[in-house]
Amino acid sequence: MATITATEAGTAPPPARRRRSKLRLRNTLIGWSFILPNFIGFGVLTLVPIVILFYMAFTNWNVFGKADFIGLANFTRLMGDGSFRISVVNTLYYSVMHIPLTIVVSLGLALLLNNKLRGVAFFRTAAFFPYITSIVAIAVVWNLLFSPEYGPINEFLKFIGIQNPPGWLTSPEWAMPAVVIVSTWRDMGYYMILFLAGLQTVPRELHEAARMDGANTWQRFTNVTLPSLRPTMFFVTVMLTINSFKIFDLILVMTDGGPGQSTLVMSQFIYRKGFEESQFGYASAAAVALFFMCIIVTIIQFLWNKRGNK
């Protein structure tokens, strides 16, 4: 009677199993060695602060002393805070103007610079350059441009016949539109690059087929280009919405929330309450409110996009 070896019986000998186990363990350790630094950084710099933020929102901690748990008192106070309501309205006002304007301008630039033009690489770089420029330098230059007394913008408006040009950053009515103009000018290059990447994925055969069917430029844009850009448009809209809700640095340098409270946004309200007035518990509650506003709007956009894909 023949002797059946372990290999013939379908089971690997113990040394082979140990080698495979060691190999799997080695591959697992190598994989963790790649992701662990990033995971530790995310946990220490993002996840832990978020957990602490949510806890602090239910306390009255002011840096000094013990953080006393007060439940929903901070959120109740927010509902009755006039400055907070103004910051919410201003944030929505800024977002409603900034998001569509930036999409239109950046998409228009992408369509223009997607053609084979002479010097197109230079113009793409020039359009992207404001996005990587210091926000302080941008604010200082545009403050000079918007100066109501000697700014070139108002001088040009007077030259073309407008006798009473806007006060821009000194006017409660025109301060936010001025900030939106500067923010759009700064951001358009970044989103132009995203749209350019999306345009590269649009099959040329679709445009050629539409052209052969007699479609003009506008019809090709609305029936070929825009539907093909739907994933890019969705990503750009989500990113723009989140960044618009979080606007802080440009307004801080250009207007500091003024004149009055005409450009006070939620991020600056949080900054003032936390770092200027040392009301970290109250500021954390406002930050939680901003967080949920971003989450709700993003979920609505995801649902809308999912519905449109059906």
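The values are calculated or read from the model by the stated rules, or taken from the named source; none is laboratory data. Owing to the predicted nature of the structure, the values given are computational and were not obtained by experimental measurement. Ideal geometry is used to build each Cβ from the backbone, glycine not excepted, and the neighbour counts take in all protein chains shown. What goes into the accessible areas is simple: the full protein's heavy atoms, side chains included, and nothing from ligands, DNA or RNA. Shrake-Rupley method; radii C 1.70, N 1.55, O 1.52, S 1.80 Å.
Before anything else, pin down the relative contact order of the chain: Cα pairs under 8 Å, at least 6 apart, normalised by residue count, whole percent.
Working: 295 pairs, mean separation 81.8, N = 310.
Once divided by the residue count of the chain, the mean separation gives 26 percent.
Please determine, in degrees from 0 to 90 and to the nearest 10, the orientation of helix 175-199 with respect to the longest principal axis defined by the Cα atoms of the chain, where the helix direction is its Cα long axis.
That works out to roughly 40 degrees.
What figure, in Å² to the nearest 10, do you get for the accessible area of residue 174 with a 1.4 Å probe and non-protein molecules left out?
We get 110 Å² for residue 174.
How would you classify region 78-219 from its alpha-carbon gyration tensor, with a ≥ b ≥ c the square roots of the eigenvalues: rounded for a/c under 1.5, else prolate if a/b is greater than b/c, otherwise oblate?
Numbers: a/c = 2.17, a/b = 1.68, b/c = 1.29.
Prolate.
What are the ³J(HN,Hα) values, in whole Hz, obtained from phi via the Karplus relation 6.51 cos²θ - 1.76 cosθ + 1.60 with θ = phi - 60°, for each residue of region 137-148 in sequence order, with x given for Gly and Pro?
4, 4, 5, 5, 5, 6, 4, 5, 5, 8, 4, x
By accessible area of protein heavy atoms, probe 1.4 Å, what ranking do 307, 211 get, highest first? Before the final figure, lay out each step's value.
Values: 307 175, 211 125 Å².
Correct descending sequence by accessible area is 307, 211.
Under the rule of -39500 (n - 2.57) per DSSP H run of 4 or more residues, summed and divided by the residues of the chain, what mean residue ellipticity at 222 nm is obtained, to the nearest 500 deg cm²/dmol?
Numbers: 14 runs with 201 residues, N = 310.
Rounded to the nearest 500, it is -21000 deg cm²/dmol.
Tell me which residues come under 5 Å, amide H to amide H, from residue 59 once H is placed; ignore anything under 5 positions away on its chain.
For residue 59, whose amide H was placed from the backbone, the distant partners under 5 Å are 70.
Within region 109-217, report the GluC sites (Glu not before Pro) that DSSP leaves as loop and that have at most 15 other Cβ atoms within 10 Å.
On the way: sites: 149, 155, 173, 205, 208; in loops: 149, 173.
Answer in residue order: 149, 173.
When the chain is treated as a GNM, springs tying every alpha-carbon pair under 10 Å, which of 278, 95, 21 comes out with the largest mean-square fluctuation?
Highest fluctuation of the listed residues: 21.
In what sequence, largest accessible area first, do 186, 85 appear using a 1.4 Å probe? Intermediate values should be presented prior to the final figure.
Working: 186 50, 85 120 Å².
Most to least solvent-accessible, the answer reads 85, 186.
With every protein chain left in place, what is the accessible area of residue 28 in Å² (1.4 Å probe, nearest 10)?
Surface open to solvent at residue 28 totals about 70 Å².
Pairs of alpha-carbon atoms within less than 8 angstrom and 6+ residues apart define the contacts here; what relative contact order does region 195-286 have, in percent?
18
Heavy atoms only, 1.4 Å probe, whole protein assembly: order 272, 230, 26 by accessible area, highest first. Numbers along the way, then the final one.
Details: 272 55, 230 85, 26 140 Å².
Most to least solvent-accessible, the answer reads 26, 230, 272.
Can you send over the carbon and sulfur percentage of the accessible area for the chain, probe radius 1.4 Å, protein chains only? Don't jump to the answer; show the numbers that get you there.
Values: 12980 of 18960 Å².
Solvent-exposed carbon and sulfur of the chain make up 68 percent of the total.
Decide, for region 115-170, between rounded, prolate and oblate: order the square roots of the alpha carbon gyration tensor eigenvalues as a ≥ b ≥ c, take rounded if a/c falls under 1.5, and otherwise choose prolate if a/b is larger than b/c, else oblate.
Values: a/c = 4.37, a/b = 1.70, b/c = 2.57.
Oblate, because a/c is 1.5 or more while a/b does not exceed b/c.
Identify all lysines with a Cα-Cα distance to residue 66 below 29 Å; exclude those on the same chain that are fewer than 8 residues away in sequence.
Filter leaves 273.
Classify the chain as rounded, prolate or oblate, taking a ≥ b ≥ c as the square roots of the eigenvalues of its Cα gyration tensor: rounded when a/c is under 1.5, otherwise prolate if a/b is larger than b/c and oblate if not. Kindly include the intermediate steps, with their values, before the conclusion.
On the way: a/c = 2.55, a/b = 1.30, b/c = 1.96.
Verdict is oblate for the chain.
For the chain, set up a GNM with springs between Cα atoms under 10 Å and report which of 225, 102, 217 has the largest fluctuation.
The residue with the greatest mean-square fluctuation here is 217.
Return the aspartates and glutamates within reach of residue 246: Cα separation strictly under 17 angstrom, same-chain partners fewer than 8 residues apart disregarded; answer none if there are no such residues.
Counting by Cα, and skipping residues close in sequence, residue 246 has these aspartates and glutamates nearby: 187, 256.
With springs only between Cα atoms under 10 Å, which of 178, 287, 197 fluctuates most in a Gaussian network model of the chain?
Maximum fluctuation in the GNM of the chain, among the listed residues, is at 197.
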